Amino acid sequence: MLGLKLATDPRWVNIAEKSIEEILIDHAFCEQKAASAGISLIVRFSQYPDIVKEVSPVVAEEWGHFRKVLKELNSRGFELGKQRKDTYVLELQKFTKKGGTIETQLVEALLVCAMIEARSCERFRLLSLHVSDDKLKEFYHEFMVSEAGHYRLFIGLAEKYKDKDYVRSRWQEFLDYEAELMENMEYRGDRVH
């Protein structure tokens, strides 16, 4: 469904599980950044009613996710700590086309959001299947389902503002770029991306 061209090695879960505090902290910040990204989309593209209408609930959901992950962190005796730089997201943003029409800029922003949601969904699926803690299996299954919905929403919105063939072609370019990015990034078990 997601179309990712480079799957995460399932053994990533074994590494992540050894630093579950770090994964939960990174996950919390990912949810906070997703809420912020949604707010930025609404502010930047407020002239498009569908963006305001469709993305507003995503912002609320992502903030709810942040609170849920924070609660899980605290229940395990962990604190949020200092935010980390998300190299994955920064590299995806570098790939976006600059300039062009406002609709082109909107589609680029939506495709970045879709890619982040797709990779998060894939990682959360692995955690939901392979982490040894049954509570975390359920926890991450819920997040996986949600991220899949967000991915579909962002792709669908992109197709409202540009020709579907254009969006599909550009999405393939994002998928190719993201696969290369993943192949060349440091393999870390303490990060969602």
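Some notes on this structure:
- Relative exposure of T101, T96, judged by other C-beta atoms within 10 Å (fewest first): T101, T96
- Percent RCO, i.e. relative contact order, over the chain, from Cα pairs under 8 Å lying at least 6 residues apart: 34 percent
- Computed extension length for K94-L80: 2.3 nm, one decimal, from 0.36 nm per residue of separation with the Cα-Cα distance subtracted.
- For the range 49-79 and the range 101-117, distance of Cα centres in Å: 21 Å
- Residue exposure sequence - H65, H130 - by fewest surrounding Cβ within 10 Å: H130, H65
- At full extension, S56 and M185 could sit 43.2 nm farther apart than now, given 0.36 nm per residue minus the alpha carbon distance.
- Dipole magnitude for the chain: about 320 debye, using +1 per Lys or Arg Cβ and -1 per Asp or Glu Cβ, origin at the Cα centre.
- Ignoring lysines fewer than eight residues from K53 along the same chain, the ones with Cα atoms less than 16 angstrom from its Cα are K160.
- Leading residue at positive end of dipole, the range 12-184 (Cβ point charges), from L106, P49, Q172: P49
- Under 20 Å from K135, Cα to Cα: lysines that are on another chain or at least 8 residues apart: K18, K68, K71
- The range 12-184 shape via C-alpha gyration tensor axes, a/c threshold 1.5: prolate
- Toward the positive end of the charge dipole of the chain, with +1 on the Cβ of Lys and Arg and -1 on the Cβ of Asp and Glu, the farthest Cα among I116, L70, S40 is that of S40.
- Rounded if a/c under 1.5, otherwise prolate or oblate - the range 42-116, Cα gyration tensor axes: oblate
- Against the chain, whose longest principal axis comes from its Cα atoms, helix 102-130 is set at around 20 degrees.
- Packing-based exposure ordering (other Cβ within 10 Å, fewest first) of F154, F124: F124, F154
- Hits among lysines - C-alpha to C-alpha of K85 under 20 Å, sequence gap 8 or more where chains match: K33, K94
We did not get these values from a lab; they are worked out from the coordinates using the rules stated. Because the structure is predicted, anything quoted here is derived from the model rather than measured. As a convention, Cβ positions derive from the backbone with ideal geometry for all residues, glycine included, and neighbour counts pool all protein chains shown.
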